[in-house]
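Asker: One structure is given below, represented as structure tokens, and several questions about it will come after.
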Amino acid sequence: MNPKEIKEVKALLSKPKNIVIVTHWSPDGDAMGSSLGLYNYLIKLDHKVNVITPNDYPSFLFWLPGNKKVIDFSKKAKAAKSLVAKADIIFCLDFNSLKRIEKLGDEVGRSNAIRFMIDHHLQPDDFAKYMLHSIKACSTCELVFELIQLMGHKKLIDKNIGNCLYTGIMTDTGSFRFPSTTATTHKIIASLIEAGTENAEIHNRIYDGNSEGKIKLLGFSLGEKLKVLKEYKTAYFNLTSDELDRYSYQKGDTEGVVNYALSIDGVRFAAFFVERDGIIKTSFRSQGSFDVNMFARKHFSGGGHKNAAGGMSELSMENTIRKFEALLPEYKTQLNRK
Ligand code: 5GP
Ligand code: MN
């Protein structure tokens, strides 16, 4: 945002407004952390604020302050539609194409509200009047912190806002280990802790509430399903809906598992395919120069970041994997490059 826009946004937020916050399909820690962090900030300014998700999200995020107020569009479409229609401002968090919010995108696209995108993914679409967008930001939560600071309201950051923003920064940086973690990230974390954020407890709430099924599904995935293709420095695995059922799959149970494939010595490209709601959802991760955003966009109708992206396939699981394996020779040189 340029100084003129910052001034405009300050003026816009200086009087109570009807505000809707939306985030991407199958929200993760950064999606919910940034949405609820912004929610807890905006209610302090006396705005009327509603957070709408396109569908449900993992239960390890249900403790986030404000969670009870979240409206799931897939369950309460009518209520959500009327809130979107009445909104003065719609914040679009952690996504940059209306396709990422599925049917909710039609409502947001046709609304007369001012759209404000806060996001850190590559190649944003042009649908928002205001954009706080940086691919250098480790997370959307980092950008929400920046917005609060730009508004001159850093002092308003309290435990609730801090807990939300910490969650997204922690999950999107793989607990502060990905190269996206910068000195700025750590400075923000320091101010969140100073504001009362319960940092150690948050790690506990997010990572130590595993069900038996989740851990056994992980064991099965790595023990029985993982395939390593040394020639392409690639490792991948897949899970069918039958396999998910066998381990009493709950939303979020496979989040992050693709990173185990990437952690294998010599592997630079990891993929995970999971059958959900009649389609195959894909997750891609890479280390170094291989660009999985490009790969996901080109071959699996998806996108994301250079080293972490996702997409989908409408083929059967078998054909999706066949397609994936058949693509690898094309990228052999790239995959073997440092
Ligand atoms: P994950 O593999 O954890 O689902 O997603 C990795 C990254 O890619 C996240 O930043 C996520 O927002 C993005 N992503 C996942 N699925 C899709 C998709 O279908 N389309 C786009 N554009 N981005 C995706
Ligand atoms: Mn994010």
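Asker: Could you tell me how many degrees, from 0 to 90 and to the nearest 10, lie between the Cα long axis of helix 29-44 and the main elongation axis, the longest principal axis, of the Cα atoms of the chain?
Answerer: 10 degrees
Asker: For segment 156-260, which semi-axes, largest first and in whole Å, follow from the square roots of 5 times the eigenvalues of its Cα gyration tensor?
Answerer: Numbers: eigenvalues 215, 70, 15 Å².
Values for segment 156-260, descending: 33, 19, 9 Å.
Asker: Keeping the other protein chains in place, figure out the carbon and sulfur percent of the accessible area of segment 3-207, with a 1.4 Å probe.
Answerer: It is 52 percent, rounded to a whole number.
Asker: Just the number, please: percent antiparallel of the DSSP beta bridges in segment 212-335, rounded to the nearest 5.
Answerer: Percent antiparallel among DSSP bridges in segment 212-335 is about 75.
Asker: Report the residue, chosen from 181, 23, 240, that carries the largest GNM mean-square fluctuation when the chain is represented by alpha-carbon nodes joined by springs under 10 Å.
Answerer: Top of the fluctuation ranking is 240.
Asker: Whats the longest run of the chain with zero chymotrypsin sites (Phe, Trp or Tyr not before Pro) that are DSSP loop and have at most 16 other Cβ atoms within 10 Å?
Answerer: In the chain, the maximal stretch lacking such sites is 177-338.
Asker: Can you tell me what share of the DSSP beta bridges in the chain is antiparallel? A percent to the nearest 5 is fine.
Answerer: Approximately 40 percent, going by the DSSP bridge assignments.
Asker: Let me ask something else. Based on the alpha carbon coordinates of the chain, what radius of gyration and maximum Cα-Cα distance (Dmax) apply, in Å?
Answerer: My reading of the Cα-based Rg and Dmax gives 19.9, 60 Å.
Asker: So what is the 222 nm mean residue ellipticity for the chain from helices alone, if each DSSP H run of at least 4 adds -39500 (n - 2.57) and you divide by all residues, rounding to the nearest 500 deg cm²/dmol?
Answerer: Helix-only estimate at 222 nm: -11500 deg cm²/dmol.
Asker: Same structure, new question: In straight Cα distance, which lysines are under 16 Å from residue 225, not counting same-chain residues fewer than 8 positions off?
Answerer: Candidates past the 8-residue exclusion: 214, 216.
Asker: What number comes out for accessible area per residue over segment 99-202 if the probe is 1.4 Å? Units Å², please.
Answerer: Working: 4820 Å² over 104 residues.
Each residue of segment 99-202 exposes 46 Å² on average to a 1.4 Å probe.
Asker: How far is helix 317-327 tilted, in degrees, relative to the longest principal axis of the Cα atoms in the chain, given as a value from 0 to 90 rounded to the nearest 10?
Answerer: Taking the Cα atoms of the chain, the angle to 317-327 is about 80 degrees.
Asker: Under a 1.4 Å probe, what is the accessible area of segment 212-335 per residue, stated in Å²? Could you put the intermediate results ahead of the total?
Answerer: Values: 5880 Å² over 124 residues.
I get 47 Å² per residue for this part.
The values are calculated or read from the model by the stated rules, or taken from the named source; none is laboratory data. All values reported here derive from a predicted model rather than from experimental measurement. Heads up, the Cβs are rebuilt from the backbone with ideal geometry, glycines too, and the neighbour counts pull from every protein chain shown. Just so you know, the surface numbers come from the protein's heavy atoms only, side chains and all, with ligands and any DNA or RNA stripped out. Shrake-Rupley method; radii C 1.70, N 1.55, O 1.52, S 1.80 Å.
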